[in-house]
Structures are given as structure tokens and as C-alpha cells.
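Written below as C-alpha cells is the structure these notes are about.
Derivation of every value follows stated rules applied to the coordinates shown; laboratory data play no part. Worth saying up front: this structure is predicted, and the values here are computed from it rather than measured. Using ideal geometry, Cβ is built from the backbone for each residue, glycine included, and neighbour counts are taken over all protein chains shown.
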Amino acid sequence: MKGDGNKRAMSRRRFLKSSAGAAAAALAGPSIVPSEVLGASPPSEKIVLGFVGVGGRGGGLLTNFMALPEVRVTAVCDVKKPSREAARKRVDEQYGPGVCGAYVDFRELCARDDIDAVVVASTDHWHMLHALEAVRAGKDVYCEKPLGLSIEQRQMLRKTVNQYSAIFQFGTQERSSYKSRLACELVRNGHIGRVQKITVASRYSIASDNYPEMPVPDWIDYDLWLGPAPWAPYTANRVSNSHWFHISDYALGFLAGCGIHTID
């Protein structure tokens, strides 16, 4: 079910968990159901995920999430057919044939009532809009960095997340890495003495050439790839991760793409 703007959507998983808790409190008998009754990992306890953007970074996240026993992926979305179909194949190979729905339009994925949370790893200029659609559809969200292309976009998303009482996690995951945690522990416990200065470095952005216009191939929905960005003629490099990252219509460069981790 979808939220009405003030109430958090109640998924089947949340309903079953809350109902089980209420029933256990009301009964005088044992409140623990043996795992052999429901199975070691009953379907109702799975966190059902949908993925928007399953290219390089999104494909890596898909691998990581599918390794978690408490997760089940049921849908993927990407405007590029090769990425979309490769992701669908991986999901079906793990969970069974026909399990994974594959979508071109993210709105169709977000409209599914059986999905609890959405993982957003699309092109940077789409992050905020994809996250907004998911939250308004009653989903929780994990969104890769960077979050939008302006402060106003971030403020809008924060307001919507609070309005719908959604759980939202932002992709500054390097703060949880072993090396980052160790560095923080060394500094905070005084093992390197008093810190006088911190220097932060990031890979630099590069200038894009004026690539020649090309016919739009049939494996990409180019209009949907452009989305909120100004119209520009199709060229293979424009939709390549190694190039759009450095075009201001779609990204903030490597300061937001990579430097965000070290600054954080």
C-alpha cells in the first residue's frame, strides 16, 4: 500500500512483523516461533529490493545486496538494455527463473507494492528524482552519492523523506570501511599526537571534447537517459560513465563523485 503523505506505507513484511509482535504480547504461551516452522529465513522476513540503475556501480551494489540472506531482489530498472538484461539474468540465476522484473521506466518499478526499498545508482542528475519517486511511493531508499546537483534539490528530498517518515541512507559508505575506521580511532585516541592540519585530495575532473553526433541506438531510451537535463545530441561518449561524470549537465565532477568520500 502507498502512503498518503502523512502515514508510512505498510508493506507485507512490516505488517507481518508488527502483527506477530502484537499476537505474542497477547498470548500467555511462548512468543518464539521455532525456525523450523517458518524456515530458517521465511519469505515474509525478507527485505524486498528494487534497483534503479544497474550499470557499473549499480551492478556492484546488486552483487553486495544479493549476498545478504535477509534480502531478496525482485526488480531492476535501467534505460540501457544490456545493463538491464544482465542484471535480470543475475537475479533470476540466484532466486529462480522469472523472479526478476526488468523495467525501462523507474516509475513502474516504484509503483510495485511488493517492494520495500529501492537502491538508486543511476546517473548523477537522476539521483534526486529517482529517490523522490521511491519515497513518495512508500519505499525506503539507499541512494548513491552525490545527492542531486544543487542545495535546493537536497532540501526538497530531505523534506519529502521526513514527510513520508522514510528510512533514507546516503552513499558515503567509505566512512564505514576498515581503513577509515582505523584512521579515526588512531586520531581520536591520540596515537598520532595532536592533529594540526588535514589535507584532503581528490581525483580531478577532465574537459570533454565536442564529440560528433550519432544515431541513437535501439538499446537505450535516450530521452529518458537525458531526463531533466538540457537536450543534447546523442553520442556514445555522452552516455559512458567515463565521460558524463565530467559534464556539468549530468554531474558535479569528481569533487562530488570521489572527493565526497575523503572530505566526509
I need I206, I220, I47 ordered by Cβ neighbour count within 10 Å, fewest first.
I206, I47, I220
In percent, how large is the relative contact order of the stretch 102-237, given Cα pairs closer than 8 Å and 6 or more residues apart?
18
Could you give the length gained on full extension between A183 and Y95, defined as 0.36 nm per residue of separation minus the Cα-Cα distance, in nm?
27.8 nm
Please say if the stretch 111-216 is rounded, prolate or oblate, where rounded means a/c under 1.5 for a ≥ b ≥ c the square roots of the C-alpha gyration tensor eigenvalues, and otherwise the choice is prolate for a/b larger than b/c and oblate otherwise?
oblate
Sites matching GluC sites (Glu not before Pro) across the stretch 52-98 that sit in DSSP coil, with at most 11 neighbouring C-beta atoms within 10 Å
E70
